[in-house]
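This report refers to the structure that appears directly beneath it.
The values are calculated or read from the model by the stated rules, or taken from the named source; none is laboratory data. For clarity, every value in this text was computed on a predicted model and none was experimentally measured. Neighbour counts are summed over all protein chains in view; Cβ atoms, including those assigned to glycine, are modelled from backbone coordinates with ideal geometry. When the accessible area is computed, the model is the full protein with side chains, heavy atoms only, and any ligands, DNA or RNA have been set aside. Shrake-Rupley method; radii C 1.70, N 1.55, O 1.52, S 1.80 Å.
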Amino acid sequence: MHNEPAGKFFDDLNTSLLPFNTKSILEKAIIPEHSVHFMQSMSDGEPFLVGPYLFISSSNLLLAIGYPLSGHYNSGQFDQALTQVLTQTRARDCMAISPSLPERLIPHRKEQDHYYVLPADASIPSRNEYLAKRAAQSLRVEEGRTFTLAHRRLWAEFIGRVPLSPIVRRLYERTELVLSRNSHLILLNAWDKDDRLAACLLLDLAPLNFLSYIIGAHSRIYYTPYASDLLFREMIQVARREGKKYLHLGLGVNKGISRFKTKWGAAPSMPYEMAAWQEKPPLSARELMQMLAPAPGETMTKQQYLESFRNEKRFAMLWEIEKGGQRSWIGGTAHFFRYSFQSSFRELFDKVDKVIFEGPLDQVSLDQVAEVGKSPEPGAPRLMDFLNNEEVRQLERVIYGPRGTLARLLKLDCPEAVDVRYYLGETRPWMAFFSLWSCFLRRKGWNQSVDLEAWHLARDMGKIVFGMETISEQIATLESIPTQRIINFFRECRQWSSYIKRHEHAYLNGNLAAMMGTTAEFPSRTQMVINRRDETFLERMLPYLEKGSCVVLVGSAHMFNLREMIANAGYNIKQCSL
């Protein structure tokens with residue numbers, strides 16, 4: 001695209017927003033973001049035109065699309081249109097995309113890339129055809145619009161292991177919703193012979209001249225070689241069937257993705273730049289008065305102020321990593337804990353772009369783990385087989401705590417009393433261990449999860465969030481926990497209260513050496529669970545440490561080895577405080 005003089009455009013700019021004709025926009029669309037129905041569904045916003053530029057405004061976001069529906073792109077013209085819209089909408093959270101950003105938005109630039117397009121009549125390379133045919137021997141391709149539980153699991157697996165920008169992650173998270181709102185979207189599904197979803201693509205057929213590849217995923221749990229090649233070939237067939245001139249394959253994103261697109265003949269076309277920023281509209285007189293005038297009855301007392309901080313502590317289990325001027329951090333987490341570290345995490349995450357965890361912690365992934373844990377193999381040993389009746393009763397007393405009317409009045413009993421005998425007799429040993437241990441901790445006031453709190457906060461702050469392991473890898477680790485260690489831990493349940501006191505003190509002080517004595521006999525502190533995984537974690541985190549600006553969060557026990565392993569990899573690592 002080329003800049004052209006603004007001409008009569010500015011004479012018409014003050015005529016407010018232009019009449020909106022969805023059909024006309026779809027006929028003139030040149031990028032996926034011109035697909036009005038899809039963009040409305042994604043943003044919950046309302047579209048409108050200023051000159052040849054499309055804008056979408058919702059309650060919390062303004063999206064400015066600087067690819068004109070007619071004529072050539074002019075950065076000054078686009079900036080004028082954007083300025084008018086900002087004046088009229090008083091938007092706060094703003095995002096703009098265009099071939100080249102207006103000068104004032106360059107400091108807010110977050111991405112630079114190119115759109116990749118493929119002519120619909122391009123011949124399919126013979127090798128790609130061969131790979132697709134190989135995959136077709138094991139997979140059944142289906143075209144549909146129903147987002148099933150299998151799709152939710154595939155999406156959760158994919159976004160849990162792949163680093164995605166917040167914008168792209170939102171596409172995955174809202175797929176089911178936008179499908180229900182938009183009849184022009186379809187799913188291309190690849191099912192294996194056991195009816196398990198191996199791969200899937202989400203496509204948009206709404207634009208007149210092209211088909212848009214929106215997002216896709218392939219499974220490592222139900223992996224079938226070349227499933228993506230098979231769906232790519234089918235996508236080309238769909239575009240031809242629908243009479244499209246070309247396929248819009250989105251952005252290059254990284255070398256691996258762009259390489260996959262170019263091997264089919266796609267080429268970079270229009271340049272892409274994205275800026276994101278916050279506008280600060282002036283306060284109205286009424287808003288100013290509301291800020292200055294104290295609300296009656298809402299003054300915070302000293303006691304209320306102290307209460308607000310009682311359950312929050314500073315995060316001390318933290319190390320700074322540096323090499324060649326690139327800084328990152330690694331922290332030791334706990335699955336269960338008494339206190340929150342939200343302020344520390346917020347301060348830490350403000351310094352980075354990416355937050356990396358052991359594995360995915362979204363609800364779909366956690367539900368998958370629970371489902372496996374509650375479905376033991378027929379005939380497999382249960383913990384109930386190894387504990388006598390007195391040992392089970394002792395375990396119940398420790399988990400439930402005092403019982404009866406007085407205990408309930410004094411809130412000394414277990415608030416969520418679980419069926420101890422069910423877990424011992426009907427679930428996998430590791431499921432019984434974590435379920436009963438967590439119930440005991442909740443009774444003691446340990447209602448926080450350090451890693452879960454960090455996961456959700458990082459996502460809320462718009463960071464790139466992903467896990468180093470897949471769900472299947474994590475389940476394999478859980479399966480490796482020796483049953484005898486769990487049995488021994490349950491038999492020593494009367495020591496649990498003193499155990500957690502020592503653990504809490506050491507953790508809050510960031511004293512890793514002191515934690516050695518509190519975690520050595522913990523069931524999951526084994527060679528397989530800790531040492532062997534440390535090697536995997538190091539391998540998978542190093543590419544991100546090299547670039548800097550990331551936080552890695554792993555269970556605290558992993559820090560015993562990882563500190564030395566990171567140092568041996570050539571990095572300076574030292575414990576730090578926020």
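The table for this structure:
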| quantity | calculated |
| --- | --- |
| Order by protection proxy (mean Cβ within 10 Å, highest first), peptides 106-114, 563-571 | 563-571, 106-114 |
| Accessible area (Å², per residue) of segment 47-98, counting only protein heavy atoms and a probe of 1.4 Å | 32 |
| Of (1) 27.7, 90; (2) 30.8, 101; (3) 22.1, 73, the label for Rg and Dmax of the Cα atoms in Å derived from the coordinates | (1) |
| Sulfur and carbon atoms: percent of accessible area, the chain [1.4 Å] | 51 |
| Kirkwood Rh (inverse of mean 1/r, distinct Cα pairs), segment 421-552, angstrom | 17.0 |
| For segment 427-572, accessible area per residue (1.4 Å probe, heavy atoms of protein chains only), Å² | 40 |
| Spatial separation of Cα centroids for segment 141-169 and segment 532-578, in angstrom | 29 |
| Proximal lysines relative to LYS574, as straight alpha-carbon distance under 22 Å, when same-chain residues fewer than 8 apart are discounted | LYS313, LYS323, LYS351, LYS354, LYS547 |
| Given charges at Cβ of Lys, Arg, Asp, Glu: the chain dipole, positive-most of ALA190, LEU578, ALA458 | LEU578 |
| Rg over Rh [alpha-carbon atoms, Kirkwood Rh] for segment 531-578 | 0.92 |
| Of the DSSP H helices in the chain, those whose Cα atoms cover at least 20 Å axially and whose Kyte score averages -1.0 or more | 75-89, 227-241, 429-443 |
| Whole-number percent relative contact order across the chain, with pairs defined as alpha carbons under 8 Å at least 6 apart | 17 |
| Anisotropy class of segment 446-509 from Cα gyration tensor, a/c 1.5 cut | oblate |
| Rounded to the nearest 10 Å², the accessible area of LYS501 at probe 1.4 Å | 150 |
| Solvent accessible area, Å² - LEU538, 1.4 Å probe, full protein context | 30 |
| Loop-located chymotrypsin sites (Phe, Trp or Tyr not before Pro) in segment 177-234 whose Cβ has at most 15 other Cβ within 10 Å (DSSP) | TYR223 |
| Estimated distance in nm for a label pair at GLU492 and SER126, the labels positioned 7 Å out from Cα along Cα-to-Cβ | 6.7 |
| Set of aspartates and glutamates near LYS374 by C-alpha distance (under 12 Å), chain-local residues within fewer than 8 positions excluded | GLU426 |
| Partners for LYS244 among lysines (Cα-Cα distance below 29 Å; same-chain residues under 8 apart left out) | LYS23, LYS28, LYS133, LYS255, LYS261, LYS263 |
